[in-house]
1. For a quick check: with amide H placed at 1.01 Å from N, whose amide H comes under 5 Å from Thr219's, ignoring anything fewer than 5 positions away on the same chain?
2. Once you list every other residue whose beta carbon is under 15 Å from the beta carbon of Glu94, what net charge do they have if Lys and Arg are +1 and Asp and Glu are -1?
3. Running Debye on the range 44-108 with equal point scatterers at the Cα sites and no solvent, what base-10 log of I(q)/I(0) appears at q = 0.14, 0.16, 0.23 Å⁻¹?
4. Assuming a viscosity of 1.002 mPa s and a temperature of 20 °C, what translational diffusion coefficient in µm² per second does Stokes-Einstein assign to the range 40-155, Rh being the Kirkwood radius over Cα pairs?
5. Length gain on complete extension for the stretch Thr87 to Ala43, per 0.36 nm per residue less the alpha carbon to alpha carbon distance?
6. If amide H atoms are built 1.01 Å from N in the plane of the peptide, which residues on other chains or at least 5 residues away come under 5 Å of the amide H of Val244?
7. From the backbone phi of the range 228-236, what are the Karplus-calculated ³J(HN,Hα) couplings (6.51 cos²θ - 1.76 cosθ + 1.60, θ = phi - 60°) in whole Hz, Gly and Pro given as x?
8. For the range 124-177, how big is Rg over Rh, using alpha carbon atoms and the Kirkwood form of Rh?
Amino acid sequence: MKSINGSTHRRVTDIPNAQASNTMNSTTGPALVANYLSFSFDATPVLDNVNFTVNRGEFVALVGPNGSGKSTLIRILVGLLRASSGTVEVLGCEPRMLRERWRIGYVPQRPALTGDLPATVEEVIQAGRLARRGWWKTFRQADHDAVDHALAAVALTDLRKRPVTQLSGGEQQRVMIAKALAGEPDLLVLDEPIAGVDKEAQRQFRDSVVHLVAHHQATVLLVSHELGAVAADLDRVIVLKRSVIFDGTPAELTSRGVSLGIHHDDLPLWLEDLEVPGAT
């Protein structure tokens, strides 16, 4: 497959042991591997021969127009859906076979908080830390520090004792981001995490994600229509329109006149027009 600037990227099959999901050590190798991944709802194709690799410690943005298959791909990567064909590996194994689930931090596009959840903001975020260390173990200072950092990262410190039922939808989304951050996962998957969030909260979100990558060697896959807050920190951008039509650095993409700081209302417009000669 060719990138948008004409350079050739390696397919997953060019990477040694790319399909050795049963034998690969889950602490080594790529963080994510999609190998000829396809998916259909009934007879409607959603993904078609998706191929890409995300290495450990990379900060990668996944973008595409509405209906391009981004959220479906994310749900396959975290084990919520099964691909119709092809293979996927997450941290060295098939997603549903990963035993240490805390190693994946996943924030869906809409908060999964019920209206009658009897918990405070702090308690929900602590649950993300418990997933890492086990509910039966006593919280230590490092755990409290991680929760405090996660609260600060999404500007919720002053609301830590507030019941989540009293929060707005946007605030509940920030709680879910903080819950994922508190677990200090090896792989953080974020589906439109900052849609509608103000600039200061975006800055704090950016600082926290960059810290997670730099100090914990985490891998981050971000789906977003608003890349302005993190554009300077991205290692790669993957453009999806049912299949991968571009996989390269932000500089390669901006060399085509694309600004990664485009507002979310405008971003799908240039993505709709983005075509790669020879792409299938």
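Where a number appears in this text, it was derived from the coordinates with a stated rule and is not lab data. Please read all numbers here as calculations on a predicted model, not as lab measurements. Methodologically, a virtual Cβ is constructed for each residue, glycine included, from the backbone with ideal geometry; neighbour enumeration extends over all protein chains shown.
1. Gly57, Leu187, Leu188
2. On the way: positive: Arg75, Arg82, Arg96, Arg99, Arg101, Arg103; negative: Glu89, Glu100.
Within the 15 Å Cβ shell, the charges total +4.
3. -0.44, -0.58, -1.23
4. Values: Rh = 17.1 Å.
In µm²/s, the coefficient is 126.
5. Working: separation 44, 0.36 × 44 = 15.84 nm, distance 1.99 nm.
Length gained between Thr87 and Ala43: 13.9 nm.
6. Residues meeting the criterion, in which the H sits 1.01 Å from N, are Asn51.
7. Couplings: x, 5, 10, 3, 6, 9, 6, 7, 8 Hz.
8. Values: Rg = 11.5 Å, Rh = 11.7 Å.
Rg/Rh for the range 124-177 comes to 0.98.
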